[in-house]
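Values quoted throughout were computed directly from the atomic coordinates according to the rules given, and no laboratory measurement underlies them. These numbers were taken from a predicted model, which means no experiment stands behind them. Quick reminder, even Gly has a Cβ in these numbers, built from the backbone with ideal geometry, and neighbours come from all protein chains shown.
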Amino acid sequence: MAVYTEVPDEALGAFLSDYNIGGLLSYKGIAEGVENTNFFLHTTAGSYILTLYEKRVAEQDLPFFLGLMEHLAARGLACPQPIRTRAGTALGRLCGRPAVIVSFLEGVSVRRPGTRHCRALGRALAGLHAAGADFPMRRPNALSVEAWRPLFAQAEAQADRVAPNLAERTRADLARLEEAWPSDLPGGVIHADLFTDNVFFIGDEVSGLIDFYFACTDAFAYDLAICLNAWCFEPDGSFNRTKGQAMIAAYQSARPLEPREVASLPLLCQGAALRFMLTRLVDWLNVPPGALVKPKDPLEYDRKLAFHRRVTDAAEYGWSP
């Protein structure tokens, strides 16, 4: 989340007049993240999040994202609920951008997740996959293996300015993953971006999942691989197998992994790390002028890739029968 588009008071007031959410008391920009413009709204009726869609979020994908959140909420998953206008529409336009208001979720994200957080996240991830099982819409993963080489092309010429030999390492990873990427794993709706700042906790329990704007139809185990990358590495770059074991075991208690998913897990973890290294690298080299946002460090995921290249068995991530 970030602020790329400034919203004048008059424009916001006109936009909010279409909603039955009370009078505006205050609003402020949310500077975290890198994808969309977000504001926290406080009205006489409660608290909400206003999002203006920028960059990678294609407008034609918005019915999928908004419909998915409504579907998941109806099945008991704690996630933002799109607020509809008096005319019954969820999507509007503000300052030339597609825009939506969603409900505010209570809870806090954790910057340094512990084993108990990883266990709770594993349960929540399995719950998400189950709740989305009968969602009728499909959306291909626009940032899967086919997109990685075009992404790298946007940054290849400058990659070695970010880290020595980064371009060479990335070319080798791309060649290996493109050749071996699995295409027949169990799948359905996945979140595809379930980082720690997209999960809220109250105590040790997950109170909500947010930011579904990379959600798509893909392999369930790839979603798990994204979470292992995001939650189970320590600040020094080491992988915490205890956290990985807690996450995988909790996930498997609701949805056991099939043998082919277990066998593919090292490859999926490497691919997930490469995907985020590449999008971060492109963002690092292309921050829009005036954006109130600090791009995320691509080298965090370059270091994770160094670990994944050495892994040969899912047990190294904490999996056990």
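Between (1) 73, 40, 36; (2) 57, 45, 34; (3) 57, 41, 38, which matches Cα extents along the principal axes in Å calculated for the structure shown? Here Cα extents along the principal axes in Å agrees with entry (2). Full extension of the chain between SER238 and SER109 yields a length gain of 44.3 nm, computed as 0.36 nm times the residue separation minus the alpha carbon distance. Estimate the FRET efficiency between ARG310 and LEU24 by the formula 1/(1 + (r/R0)^6), using the beta-carbon distance for r and 56 Å for R0, to the nearest 0.05. According to the calculation, E is roughly 0.55.
Approximating the spin labels as points 7 Å out from Cα along Cα→Cβ, the ARG75-to-GLU6 distance works out to 4.3 nm.
Placing unit charges on the Cβ atoms of the charged side chains and taking the dipole of the chain about its Cα centre, the candidate lying farthest along the positive direction among THR196, PHE152, PRO321 is PRO321.
The listed peptides 221-231, 126-136, ordered by packing as a protection proxy, come out as 221-231, 126-136 (highest mean of other Cβ atoms within 10 Å first).
Axis angle, to the nearest 10 degrees, between helix 299-308 and the longest C-alpha principal axis of the chain: 40 degrees. Counting only alpha carbon atoms, the long axis of helix 115-131 and the longest principal axis of the chain meet at about 70°. For region 188-219, the residues whose amide N sits under 18 Å from a probe point set 7 Å from the Cα of ALA130 along the beta carbon direction are 188-191, 205-209. The peptide list 163-175, 60-72, put in order of mean Cβ contacts within 10 Å with the highest first, becomes 60-72, 163-175. Across region 19-176, the relative contact order, built from alpha-carbon pairs under 8 Å that are at least six residues apart, equals 16 percent.
Were the residues from THR89 through ARG149 laid out at 0.36 nm apart, the gain over their Cα-Cα distance would be 17.8 nm. Computed about the Cα centre, the dipole magnitude for the chain is approximately 320 debye when only Lys and Arg (+1) and Asp and Glu (-1) carry charge, each at its Cβ. As a rough guide to protection, the peptides 47-53, 242-248, 271-277 ranked by mean Cβ packing within 10 Å, highest first, stand as 271-277, 242-248, 47-53.
Sort CYS118, CYS269 so the one with the fewest other Cβ atoms within 10 Å of its own Cβ comes first.
Working: CYS118 24, CYS269 29.
Ranking CYS118, CYS269 by Cβ neighbours within 10 Å, fewest first, gives CYS118, CYS269.
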